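Reading through the structure tokens given below for one structure.
The values are calculated or read from the model by the stated rules, or taken from the named source; none is laboratory data. Here the structure is a predicted model, which is why all the values come from computation and not from measurement. Cβ sites come from the backbone with ideal geometry, for glycine too, and all protein chains shown count toward neighbours. Each accessible area value is taken on the protein alone, full model and side chains, heavy atoms only, with ligands, DNA and RNA left out. Shrake-Rupley method; radii C 1.70, N 1.55, O 1.52, S 1.80 Å.
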Amino acid sequence: LCHTAGLKVVVPSDPVDAKGLLKTAIRDEDPVVFLEHKKLYRLAVGDVPDDDYATPIGKAMVRRQGSDLTIVSYGMMVRQAVGVAERLAGDGIDAEVIDLRSLAPLDSDTMLSSVRKTGKALIVHEDNLTLGMGAELAAIIAGEAFEYLDAPIVRLASPDIPVMPYAPTLEDFCLPDEIKIETAIRKLHSY
């Protein structure tokens with residue numbers, strides 16, 4: 001687990017973490033960038049505890065246990081990855097889903113532990129493919145868990161475009177979705 005002072009970046013994927021990470025961010029002595037996906041405002045519905053709790057910054061969460069491959073994601077893509085993984089379990093594909101929740105500091109231990117267990121890694125995020133967070137995650141996996149890999153590390157991200165289009169059809173073309181995630185999982189699983 002990386003423990004560095006300075007700027008921190010968190011990305012909740014559900015209402016419980018949104019509350020917990022926001023409380024932690026407010027109380028943190030360092031500046032915290034709190035990134036929230038506007039689509040989650042309507043899609044992510046769930047009971048949020050009334051009590052005072054805080055979600056630790058820098059600690060990833062295993063959202064779904066699995067043994068065949070690891071999906072590493074954050075924010076909106078976690079929700080889609082879990083949905084696809086649940087559906088593919090019926091086809092005998094057992095995917096583990098890691099929700100990073102925090103990009104800085106990054107909990108590489110949870111991610112690497114999962115990849116070492118499954119031997120395969122799929123990184124799903126909305127950023128550009130080149131120079132995005134997925135490249136950093138892939139570099140960490142390659143550097144720290146290479147000997148455990150049974151397949152190349154796969155990154156599923158948006159194409160390298162300067163600005164995300166606003167038109168729904170173009171946005172759908174650019175962003176990873178459940179169909180693209182399923183295709184990537186099936187290809188990686190069969191490698």
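Short-range pairs are left out: with C-alpha atoms under 8 Å and at least six residues apart, the relative contact order of the chain is 21 percent. Loop-located GluC sites (Glu not before Pro) across region 22-110 with a Cβ neighbour count of 12 or fewer within 10 Å are 29, with loop assigned by DSSP. Taking residue 120 as the anchor, which aspartates and glutamates have their alpha carbon closer than 13 Å to its alpha carbon, excluding any fewer than eight residues away along the same chain? Counting by Cα, and skipping residues close in sequence, residue 120 has these aspartates and glutamates nearby: 68, 94, 96, 147, 150. Over every Cα atom in region 10-93, the radius of gyration and the widest Cα-Cα span, Dmax, amount to 14.3, 47 Å.
Rounded to whole numbers, the Karplus 3J(HN,Hα) couplings from phi for region 101-115 are 6, 9, 8, 8, x, 9, 8, 6, 4, 5, 4, 5, 4, 5, 5 Hz, using 6.51 cos²θ - 1.76 cosθ + 1.60 with θ = phi - 60°, and x at Gly and Pro. Just need the relative contact order of region 69-158 here, percent rounded to a whole number, with Cα pairs under 8 Å and 6+ apart. RCO, region 69-158: 33 percent. If you take all other residues with their beta carbon under 13 Å from the beta carbon of residue 182, and give Lys and Arg +1 and Asp and Glu -1, the sum is 0. Springs join every pair of Cα atoms under 10 Å in this Gaussian network model of the chain, and among 48, 78, 11 the largest mean-square fluctuation is at 48. Starting from the coordinates of the alpha-carbon atoms of the chain, obtain the Kirkwood hydrodynamic radius over all distinct pairs and give the value in Å to one decimal. Roughly 17.0 Å, rounded to one decimal. Averaged over its residues, the chain has an accessible area of 51 Å² per residue, based on protein heavy atoms and a 1.4 Å probe. Spin-label model, residue 150/residue 179: points 7 Å from Cα along the beta carbon direction are separated by 3.0 nm.
In the chain, what percent of the accessible surface is made up of carbon and sulfur (1.4 Å probe, ligands and nucleic acids excluded)? Walk me through the intermediate numbers first.
Working: 5590 of 9780 Å².
Carbon and sulfur: 57 percent of the exposed surface of the chain.
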